[in-house]
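Notes for the one structure printed next.
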Amino acid sequence: MSKIFFYTPANDIAKRCLMETGKVLVKEGDTATISCPICLKAKKISVARYREQNKRELRIKCSCGNIFCLCLEYRKHPRKPVKLLGKCINLSKHRERQDIIIKNISLGGIGFYPFRKHRTQKEDRLEVSFLLNDRNNTPIDADAIVRAAGTDYICCEFNASETFTASLGFYLLS
Ligand SMILES: [Zn+2]
């Protein structure tokens, strides 16, 4: 399972890729999820070293034999500092519930303070819900994955399938 993909920066232009170049968004923590357009295998990779070298094009060989190119997009999600009350259910810890104070929010996720002692760990799946303090008090209910968990601060990333982008995007700009 570990060696699905081999990847190298595609700076060798002579080696044309068989597939059209797709785009993949680099998430916080410099990770990107790449998937083979033929067999649909997916893998999360660290792209920190490519970011350091300012490389954007990757040439990827999948275990199915397909070779394709990807363009890394380093779009950064601006974080807005906030102070919002919310609730969190930890689906990975028998639905452990807790009240939280959301400290910052971006299109990619939130950082929050838990009210009480918790057992939340990295990679746990959370269900977070809160109201934005915008004109409509837009409710946000999101599935998220914990990226970092300390005693006093937890940082999580929204599930990519979440579609509250419009209301939240507007809020982040205000
Ligand atoms: Zn493949």
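On the basis of being at positive phi, exposed (fewer than 15 other Cβ atoms within 10 Å of the Cβ) and at pLDDT below 90, does Gly22 make the cut? Considered against the rule, which asks whether it is at positive phi, exposed (fewer than 15 other Cβ atoms within 10 Å of the Cβ) and at pLDDT below 90, Gly22 comes out as no. Listed by first and then second residue, the pairs with beta-carbon distance under 9 Å, at least 6 apart or on different chains, first residue in the stretch 30-48 and closer than 25 Å to Ala148 by Cα, second of a type in the set (D, E, K, R) and within 16 Å of the ligand (Cβ to nearest atom), are Thr31/Lys44; Ala32/Lys44; Thr33/Lys43; Thr33/Lys44; Ile34/Lys43; Ile34/Lys44; Ser35/Lys41; Ser35/Lys43.
When we screen Ile38, Ile45 for residues that are within 16 Å of the ligand (Cβ to nearest atom) and within 19 Å of the chain's Cα centre (by Cα), the only hit is Ile45. Can you name the residue in the stretch 49-59 that is farther than 12 Å from Val24 by Cα, in contact (Cβ under 8 Å) with a residue 40 or more places away in the chain and more than 16 Å from the ligand (Cβ to nearest atom) and, of all such residues, is surrounded by the most Cβ atoms within 10 Å (Cβ to Cβ)? Per the criteria, the residue is Tyr50.
The values are calculated or read from the model by the stated rules, or taken from the named source; none is laboratory data. Note that the coordinates shown come from a computational prediction; the quantities given were computed from them, not determined experimentally. Using ideal geometry, Cβ is built from the backbone for each residue, glycine included, and neighbour counts are taken over all protein chains shown.
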